[in-house]
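Have a look at the structure below, then the notes.
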Amino acid sequence: MQQKIIKYVATNDRGMRIGESHHNCKIKDCVVDQIRDMHEDEGIGYRTIAKRLGLSRHTVRDICRYTRRAQTVEHWKKVEIVGVREEPELVED
């Protein structure tokens, strides 16, 4: 049986997906917030954060400087995913 799943994704002012809604996203929004909190509030350096989270120092630097993952949500777009199948249940004899 096919299902239809409705999902909301974050978009910028041009209607493009941003943050963890983007198809190429590898770092979740909560991790981005954690990185910024560690640096801005606790004063932890890029190298230390990178080692703790298993990321490159350059990625952490760009996130902290807001040159990466700096867009804000303008709209939420409704996306329907059709064709998701439920796994058949195992029936034992």
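Every number here is computed from the coordinates shown, using simple stated rules; none is lab data. Source: prediction; values computed, not measured. Virtual Cβ from ideal backbone geometry, glycine too; neighbours counted across all protein chains shown.
Things worth noting here:
- ³J(HN,Hα), Karplus 6.51/-1.76/1.60, whole Hz, each residue of region 21-38, x for Gly, Pro: 6, 6, 5, 9, 5, 10, 10, 5, 4, 5, 6, 4, 4, 5, 4, 5, 5, 4
- Straight-distance candidates among the lysines for linking to Lys4, with alpha-carbon spacing under 17 Å and chain neighbours fewer than 8 residues away dropped: Lys77, Lys78.
- Over all other residues within a Cβ to Cβ distance under 10 Å of Lys7, the charged ones net out to +1, with Lys and Arg as +1 and Asp and Glu as -1.
- Shape call, the chain: gyration tensor on alpha carbons, a/c limit 1.5: oblate
- Relative contact order computed over the chain (Cα-Cα under 8 Å; 6+ residues apart), in percent: 49 percent
- Cβ-placed point charges (K, R +1; D, E -1), dipole of the chain about Cα centre in debye, nearest 20: 780 debye
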